[in-house]
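The structure under discussion is supplied below as structure tokens; questions concerning it will follow.
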Amino acid sequence: MPYTARSAVSGVTSFPVILTAQLTVPKLVTTIENNVPGKTHWRKAGYAQAVAVTNIGLTAGRSQMVLFGQQELDLEVPAYPYQLRFEPCHYVIKYSLYLYEKDKAWADGTPSVPLVETAKGRVRRTIFYTPNTLPTQVLQERENRTSATLYNASTSLIYIGFSSNLTPSNAPETLYPGGQWVSDGGDIGEIWMVSDTASSTSLQIIEYAQD
């Protein structure tokens, strides 16, 4: 695989953290989940930089902004091996960060995790929800939404609908485990979900919108 999982951390404060993995290539992918209740619309997660012990002491490379969701980083590395330092924004007080390192043998490979859309004016948000037996709103009405993809990463059936009265019996869409649903380009309204059972894994949502 082009990327290998190397480290993960769950933060409950906005204090900077240094991940434990000793890294040997400059290209990484970060997956950062926003666990602050009611703030799934936030995009900016904080800043990342490479830090390493050199002959002049601990040295840091240039800091780079990172977003919620998944994105590839090409870091300025002062020396190898190095570690990743993550400094959350001051309002990010609860998050999960997963770190993947690019396999040197796959220099021309395609990443095994999706990356943040970089086209000018287009925003990508990746959102995670635990399936629930009660109707849960997973996307609010968004006038500038261009598309959304919902992927069932759980072992439960997930039912998709467009109002709070959603039930398994009246749902217009059903997501089987491993299945996905892609919105029509003109669908800018609310999207709700309900499940037959709660699950420890997630419904993953990728939403595209004009900034």
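The values are calculated or read from the model by the stated rules, or taken from the named source; none is laboratory data. What you see is a predicted model, and the numbers here were worked out from it, not measured in a lab. Methodologically, a virtual Cβ is constructed for each residue, glycine included, from the backbone with ideal geometry; neighbour enumeration extends over all protein chains shown.
Filter the stretch 129-148 down to residues that are under 24 Å from T197 (Cβ atoms), out of contact with any Phe, Trp or Tyr (no Cβ under 6 Å at 6 or more places or on another chain) and polar (S, T, N, Q) and give me whichever is modelled with the lowest pLDDT.
Result: T130.
Any idea how many residues of the stretch 53-68 are part of a strand (DSSP E or B) and either polar (S, T, N, Q) or modelled with pLDDT under 90 (or both)?
6
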